[in-house]
Amino acid sequence: MTWVKICGMTNLEDALVAVEAGADAVGFVFYEKSPRCVSVETAREIVAKLPSEVEKVGVFVGETAETVNEISEEAELTLVQTYPDFRNPLSIPTDRFLERASRRLIIALPASQVQHEESDDPEVITGFRVSSRLRERIAAVLLDSGTSDRPGGTGKKFDWQSAVPMTDLMGRLGLKMIVAGGLTAGSVWGAMRALTPWGVDVASGVEARPGKKDPVKIRAFVRAVRESDRKVS
């Protein structure tokens, strides 16, 4: 089945609804500019009350491995999702980054940048090399509709068809792909049909308002993914 992450958790009630609905993971945003930004203390309190089998994902933007590691340890997260800031070399997921980060990584990239990149090196994605060591530590690569100014949570879709070649690249590199950006219960089937991703990630598409989820939308989203799984299979 497709891995489902409900991102942007700010309270226990929403996280428990996501778990009850059948989500595989919940996400906590540690990015000050996001309306879904949560404190380490709040995240830790929520994590402590969630089932062990649910992934607790910390979302970081342009942070160093040291910062990512410190917050992940303190909040007791199980997985890290990082948006590299290529203006800050220390935030790029290189072997050096891995030496300092203890958890497996979801590397989040803007689909618009990835789909237009041309490289003679098949192991280079958007400015960093997918080394064999990095490949072992990458849980997945997430394609989002964000920009350098607003990495995620835009509520907008990207052109799924133009990203289809990335599925071939992911396959050659042995990487899993997650799709995010503007997904809703009504649109997720289209993304799954076009890209057959390993996982899907939603934040604004299941909200009543930024930072507060809508239980009806969460349940509808997970149900739509499971129905799409049956269609694809």
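Some points to look at:
- Protection-proxy order for peptides 16-22, 51-57, 219-225, each taking the mean of Cβ atoms within 10 Å per residue, highest first: 219-225, 16-22, 51-57
- Pairwise centroid distance, computed over Cα atoms, of region 168-191 with region 31-65, Å: 22 Å
- Once the Cβ-Cβ distance of E76 and T167 is raised to the sixth power relative to R0 = 25 Å, the FRET efficiency obtained is 0.15.
- Protection proxy ranking of 96-108, 160-172, by the mean of other Cβ atoms within 10 Å over each peptide's residues and highest first, is 96-108, 160-172.
- Net lengthening on full extension, R96/C37 (0.36 nm per residue, minus Cα-Cα): 18.5 nm
- Rolling a 1.4 Å probe over the protein heavy atoms of region 1-62, with every protein chain left in place, gives an accessible area that is 50 percent carbon and sulfur.
- Full-extension gain in nm, R193 to R230, via 0.36 nm per residue minus C-alpha separation: 12.2 nm
- Accessible surface, per residue, of region 14-72 when the full set of protein chains is kept, probe 1.4 Å, Å²: 42 Å²
The values are calculated or read from the model by the stated rules, or taken from the named source; none is laboratory data. Small disclaimer: the values here were computed from a predicted structure and weren't measured. Positions of Cβ are generated from backbone atoms using ideal geometry, with glycine treated the same way; all protein chains shown enter the neighbour counts. What goes into the accessible areas is simple: the full protein's heavy atoms, side chains included, and nothing from ligands, DNA or RNA. Shrake-Rupley method; radii C 1.70, N 1.55, O 1.52, S 1.80 Å.
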